[in-house]
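The values are calculated or read from the model by the stated rules, or taken from the named source; none is laboratory data. A quick note: this is a predicted structure, and the numbers were derived from the prediction, not measured. Don't worry about glycine lacking a Cβ; one is built from the backbone with ideal geometry, like all the others, and counts go over all protein chains shown.
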Amino acid sequence: MTEWLSGFWGSLTLGNVALGVTLFLVSLTVSFAAIAIVMVKIPPHYFAAHYERDFLPDSPWLVRWGAVILKNILGVFLILLGIVLSLPGVPGQGILTILLGLIMLDIPGKRPIEARIIQRPAVLAAINKLRAKYGKPPLEMD
């Protein structure tokens, strides 16, 4: 164990640490930007029960289904990333990233999970504050 630990500390160079910090900052910035864009762009009644969800309704079926498949793959990736970001010691917006991934997925039964996440007072307040900053109305919840 001590050999591994001394080898680990010996392998840490300024370049390795700088690379790790840079990758962390880039991933954190991309995560924040993606979450902010989606949370500002979704309609205020997205989480209401009467909202109709239809992705690219006027597109040809091949384009529509290709986009749906890519959207679902991105949703699964974001959920997995959100789970990693939710772990202790890993900085980032895990819950919001999971929510973003759930929004992207087309699975039955996702509505109650989305609502449970978005109705957390801190999450809803942060999203509505962001939406207000860009002149968007607050999210409507059932």
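Odds and ends about this structure:
- Flag for residue 123 being part of a helix (DSSP H, G or I), surrounded by fewer than 16 Cβ atoms within 10 Å (Cβ to Cβ) and either of a type outside the set (Ser, Thr, Tyr) or more than 12 Å from the chain's Cα centre (by Cα) (or both): no
- Exactly one residue out of 139, 74, 78, 130 is touching a Ser or Thr at 6+ places or on another chain (Cβ under 8 Å) and touching a residue at least 24 places away in the same chain (Cβ under 8 Å), and it is 78.
- Leading residue by the ranking (farthest from residue 82 (Cα to Cα)) among those in segment 14-31 that are modelled with pLDDT under 80 and of a type outside the set (A, V, I, L, M): 16
- Picking from residues in segment 32-62 that are more than 15 Å from residue 99 (Cβ to Cβ) and in a helix (DSSP H, G or I), the one that is modelled with the highest pLDDT is 33.
- Selection status of residue 68, in a helix (DSSP H, G or I) and not polar (S, T, N, Q): yes
- Condition met for residue 129 (part of a helix (DSSP H, G or I), of a type in the set (Lys, Arg) and surrounded by fewer than 12 Cβ atoms within 10 Å (Cβ to Cβ)): yes
- When residues in segment 80-94 are screened for being in a helix (DSSP H, G or I) and within 19 Å of residue 41 (Cβ to Cβ), 1 of them pass.
- Criterion: closer than 18 Å to residue 33 by Cα and either of a type in the set (S, T, N, Q) or without any contact (Cβ under 8 Å) to a residue 24 or more places away in the chain (or both) - qualifying residue of 59, 86: 86
- Counting only residues that are of a type in the set (Val, Ile, Thr) and loosely packed, with under 13 Cβ neighbours inside 10 Å, segment 77-100 holds 2 of them.
- Leading residue by the ranking (farthest from the chain's Cα centre (by Cα)) among those in segment 101-117 that are surrounded by fewer than 14 Cβ atoms within 10 Å (Cβ to Cβ) and under 12 Å from residue 141 (Cα atoms): 112
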